[in-house]
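Below: one structure, written as structure tokens.
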Protein chains: 2
Amino acid sequence: MGVVVALDEDKRRRAAGIAPLVALVAGDMEKVNRLILSRTGSEVALIPEVANHLISSGGKRLRPMLTLAAARMCGYPGEGHVALAAGVEFMHTATLLHDDVVDDSSMRRGKLAARMLWGNSASVLVGDFLLGQAFKIMVDVGSLDALAVLSDAAAVIAEGEVRQLAAANDMATTEDEYLYVVHAKTASLFAAASEVGPILAGRGRDERAAFRSYGSNLGLVFQLIDDVLDYAGDSSDLGKRVGDDFREGKITLPLVLAYRRGSDGERAFWQRAIETRDIRDGDLEQAVALMKRHNALDDTVRRARHFGEVARDALAPFPDSPHKAALLAVVDFCIERAY
Amino acid sequence: MGVVVALDEDKRRRAAGIAPLVALVAGDMEKVNRLILSRTGSEVALIPEVANHLISSGGKRLRPMLTLAAARMCGYPGEGHVALAAGVEFMHTATLLHDDVVDDSSMRRGKLAARMLWGNSASVLVGDFLLGQAFKIMVDVGSLDALAVLSDAAAVIAEGEVRQLAAANDMATTEDEYLYVVHAKTASLFAAASEVGPILAGRGRDERAAFRSYGSNLGLVFQLIDDVLDYAGDSSDLGKRVGDDFREGKITLPLVLAYRRGSDGERAFWQRAIETRDIRDGDLEQAVALMKRHNALDDTVRRARHFGEVARDALAPFPDSPHKAALLAVVDFCIERAY
């Protein structure tokens with residue numbers, strides 16, 4: 001019973017962190033959701049089936065919320081931010097569909113991954129469709145500067161994914177090399193989603209750079225905490241099983257830290273499990289124990305806090321506003337997911 | 001010996017068909033090739049390896065040539081057509097990488113498909129990278145109208161691929177349903193590649209529609225002849241083995257015609273081979289024999305001629321020019337590939 005209460009409290013605390021943002025953008029978000037639904041429609045039934053399986057599976061829609069809030073915080077009066085936010089979510093969804101194929105993942109957001117239900121081919125092609133739709137929607141907004149930022153993100157994300165593929169299962173990966181991948185595959189879309197807000201509002205270089213920095217560092221926080229949750233999380237909350245990264249041999253920061261701080265014997269364990277993918281009963285528990293012994297999980301959270309502070313400072317020059325307060329609270333929300 | 005001479009003559013005749021276009025755009029095409037090479041560069045070595053494997057494998061680059069010639073024919077004096085042409089080729093290359101994964105293909109343009117050398121994951125991700133680069137390059141040109149046409153094509157292509165996937169191995173596919181797929185997955189990029197020429201040149205609705213129609217119908221010709229060559233071609237010339245479509249259970253027009261014109265016994269043969277994929281020794285020869293019996297190959301070429309005439313008429317209102325003559329000759333070139 002005590003545990004159940006603790007979990008409820010946890011959830012309340014987390015909810016408080018993102019609630020102000022959700023409330024501020026609720027009206028715009030409804031328009032985003034309508035646009036998303038209308039643009040996954042197709043005579044080809046497989047497209048809405050696959051797309052909606054993932055889109056309606058209850059992601060937080062953090063990235064489009066960043067676009068909506070950033071645009072309004074910068075005083076943008078129009079409606080283009082709705083379309084760009086939908087485009088950002090489509091880009092993200094396309095990436096997830098392709099990621100699941102690349103990683104051979106079986107679960108996504110607590111449901112079977114689309115590839116398990118419709119196959120790899122459908123996941124690849126519906127991902128391509130969503131990427132095409134993303135660009136169509138975003139082109140309609142008519143901002144070449146926003147398009148440049150978002151198409152750049154699309155190329156950087158894919159480059160980061162290839163880099164990760166090439167470094168897959170390589171325990172020699174350094175913290176810097178791993179962060180480079182996270183910058184590309186996660187932070188770049190957070191950065192672009194945030195930067196298009198001031199772009200739409202016609203703000204100058206400094207404000208664009210500030211939002212870009214906020215988004216990029218928030219993306220780093222988000223990914224590092226995700227890495228922690230994969231070893232220390234609660235499956236029901238996470239939508240994937242604890243240990244998925246481990247079983248897939250994915251290099252993440254807790255693993256990099258534990259490996260580099262470990263003894264020769266421990267490194268032999270990591271090499272067997274991650275590099276040769278020879279995973280035996282009890283290995284996941286052993287991995288978590290080694291991470292705890294070397295403070296690898298706690299220190300990953302500390303690294304995330306560092307980036308969270310950079311994100312907060314990026315928005316410091318802006319006058320106080322409900323939108324600013326909400327965006328700052330999201331930084332805390334992302335970190336507190338770890339607890 | 002006689003056969004060898006005949007082949008040489010054949011090749012000369014075909015070469016004459018595309019030679020004027022190649023000559024007219026040679027200078028611009030060199031710039032396109034330089035841009036393509038510079039934009040596949042990446043610190044991540046896997047990206048240029050996979051991309052250049054396909055890009056340097058001697059495709060005809062027909063699509064970018066359409067963009068270059070259409071822009072110049074419409075009097076465009078700038079350099080943006082070079083970037084759009086490179087973007088079109090990147091979009092096409094991304095599609096090929098993903099297609100090979102979806103179709104489990106082993107060969108492409110006479111070489112091993114990228115997926116056989118680097119795996120499906122690399123093919124998916126490098127395809128995504130090229131698509132991202134395509135949009136980056138095209139955004140830099142600064143034409144929102146051109147971007148709208150090209151992003152629309154990206155979405156339509158993917159939709160067509162999903163439709164084809166959903167209809168895979170279904171012998172009940174009608175000629176109209178099949179043509180709908182070809183419109184989407186092949187003709188739409190030919191159409192977009194052509195239409196962006198007059199767009200860059202600031203031409204109006206009528207001229208845009210004319211080039212769109214030319215490109216779209218040329219795309220239909222191209223695909224239908226490709227379908228014929230898969231049953232009647234010469235492997236060394238085609239870059240894939242004769243019978244690949246048959247072995248993959250791919251629905252193409254010669255197969256649709258032969259099936260619908262066949263006896264009950266023949267339809268049982270097609271259903272076994274295509275729908276249940278139970279392919280036995282001698283089946284390919286039997287398939288070709290049935291196609292010949294029902295004139296399915298000849299009539300597919302006749303259908304292609306029909307679309308070729310529509311393509312030619314689309315450009316009829318334009319005054320004579322070397323570019324117009326070259327674009328008309330390409331229609332003949334595409335049809336004559338069948339002989």
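The values are calculated or read from the model by the stated rules, or taken from the named source; none is laboratory data. A quick note: this is a predicted structure, and the numbers were derived from the prediction, not measured. Backbone-built Cβ (ideal geometry, glycine too); neighbour counts: all protein chains shown. With ligands, DNA and RNA removed, areas are computed over all heavy atoms of the protein, side chains included. Shrake-Rupley method; radii C 1.70, N 1.55, O 1.52, S 1.80 Å.
Heavy-atom accessible surface of chain A, averaged per residue, reaches 38 Å², computed with a 1.4 Å probe.
Across the copies of the chain, A:A268 has label points (7 Å from Cα along Cα→Cβ) spaced 6.5 nm apart, shortest distance listed first. Could you let me know the centre-to-centre spacing of segment A:81-139 and segment B:172-220, using Cα atoms, in angstrom? Using only Cα atoms, the two centres lie 27 Å from each other. When the other protein chains are added to the chain by itself, burial of at least 40 square angstrom of heavy-atom accessible area (probe 1.4 Å, ligands and nucleic acids ignored) affects these residues of segment B:97-126: B:H98, B:V102, B:S121, B:V124, B:L125. Label points for B:G75 are taken 7 Å from Cα along Cα→Cβ. From this copy to the others they lie 4.4 nm apart, shortest first.
If you take the Cα centroid of segment A:22-65 and the Cα centroid of segment B:247-273, the two points sit 40 Å apart.
Where the accessible area of chain B is counted over protein heavy atoms with a 1.4 Å probe, how much of it, in %, is carbon and sulfur?
That share works out to 51 percent.
Protein-only accessible surface at a 1.4 angstrom probe places the residues A:F246, A:F318 in the order A:F318, A:F246, largest first. Protection proxy ranking of A:266-278, A:105-117, B:118-130, by the mean of other Cβ atoms within 10 Å over each peptide's residues and highest first, is B:118-130, A:105-117, A:266-278. Accessible-area loss of 40 Å² or more (1.4 Å probe, protein heavy atoms, chain alone versus all protein chains) is found in segment B:164-193 for B:L165. Taken over the C-alpha atoms, the protein assembly as shown has Rg and Dmax values of 26.9, 91 angstrom.
Note on A:D313 and A:S38: the model spin-label points, each 7 Å out from Cα along the C-beta direction, lie 4.4 nm apart. Computed packing ranks the peptides B:222-231, A:280-289, B:197-206 as B:222-231, B:197-206, A:280-289, most packed first, by mean other Cβ atoms within 10 Å.
Using only the alpha-carbon atoms, how far is helix B:205-232 inclined from the longest principal axis of chain B? Give it as 0 to 90 degrees, nearest 10. The answer is roughly 30 degrees. Taking both sides together, the accessible area buried where A meets B is about 3300 Å² for a 1.4 Å probe.
Placing a label point 7 Å from Cα along the Cα-to-Cβ direction at B:K292 gives distances to the equivalent points in the other copies of 7.5 nm, listed shortest first.
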